[in-house]
1. Compute the separation of the alpha-carbon centres of the range 165-191 and the range 82-96 and state it in Å as a whole number.
2. Taking loop as defined by DSSP and a crowding limit of 11 other beta carbons within 10 Å, which chymotrypsin sites (Phe, Trp or Tyr not before Pro) in the range 128-208 fit?
3. Of the residues LEU131, LEU186, LEU122, which exhibits the maximal mean-square fluctuation in a Gaussian network model of the chain defined by a 10 Å Cα contact cut-off?
4. Rolling a 1.4 angstrom probe over the protein heavy atoms, how many square angstrom per residue are accessible across the chain?
5. Using θ = phi - 60° and the Karplus form 6.51 cos²θ - 1.76 cosθ + 1.60, what ³J(HN,Hα) does each residue of the range 145-153 get, whole Hz, x for Gly and Pro?
6. How large is the helix-only mean residue ellipticity at 222 nm for the chain, computed as the sum of -39500 (n - 2.57) over DSSP H runs with n ≥ 4, divided by its residue count, in deg cm²/dmol to the nearest 500?
7. For the chain, modelled as a GNM with alpha-carbon contacts under 10 angstrom, which of LYS73, LYS150, LYS23 fluctuates the most?
8. State which helices in the chain qualify, where a helix is a whole DSSP H run, it must extend 27 Å or more along its own axis by its Cα atoms, and its mean Kyte-Doolittle hydropathy must be at least 0.5.
Amino acid sequence: ALTMSPTELRKVFFGVNITAWLKSGGDIGGVFLLGLLTNSNFVAIYGVARQVVRPIGLLQTAVYNVVMPEFMKLLSKSKSKKILKFTNKYILVTAAIFLPILIIFNMLSEDIINLFSKPEYLESAYVATILVVTSAMTIIFLPFYPIALKFNLIGIRNWISSIRLFYIAFVAYHGMNPVTLAYANLAGVATVRLLFDSQAYAKLKKTKEKT
């Protein structure tokens, strides 16, 4: 069973808050810098792209609210073998769902922008495609956040997540635009997947082999 001392609980609670601050800081801070360093047209292009992919964000919230409570119960009561099985199944199912979505969106992104916005914001189509990939990657690997909580690795995950702020600062220094900001956010998410999620998965497999 998953048991934590009061000190560990405080660390987890603090880590969860840091996660929220990092996400808000990256999202809000990136748009703020885009407006500060560029022009209103670039801000509008990025804003249109975000609005187009907003349903993906709502889907992420729905998945988290529906799937994650059951997964948290599994984390607290089950051995690593069952957790690993659930994680593998979740990743395969969500990847199978999002792969055709990504392909279709990439093909129809300009038509979607024309449907919901003005022709002058057609540049939003490419930005929106990058944001969809970012959101899909976040949803597909969603179980690794509660896994970080289980293994008390939220602090390490937050350090890796903070690299996204460096990417945003880098593109701000070298010339920010809607595309580079979108890529900075994608790079931040990919870095967490590469440096944390892969290691958490390996730790889960290693724990499973010992049980």
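1. 30
2. Listed in order of number, the matching sites amount to none.
3. LEU122
4. Per residue, the chain has 57 Å² of solvent-accessible surface.
5. Using θ = phi - 60°, the values come out as 5, x, 5, 4, 5, 4, 8, 6, 10 Hz.
6. Using -39500 (n - 2.57) per qualifying helix, the result is -28500 deg cm²/dmol.
7. Greatest mean-square fluctuation among the candidates belongs to LYS73.
8. The answer, listed by residue number, is 6-37, 80-116.
The values are calculated or read from the model by the stated rules, or taken from the named source; none is laboratory data. Worth saying up front: this structure is predicted, and the values here are computed from it rather than measured. Backbone-built Cβ (ideal geometry, glycine too); neighbour counts: all protein chains shown. Note: areas computed on protein heavy atoms with side chains; ligands, DNA, RNA excluded. Shrake-Rupley method; radii C 1.70, N 1.55, O 1.52, S 1.80 Å.
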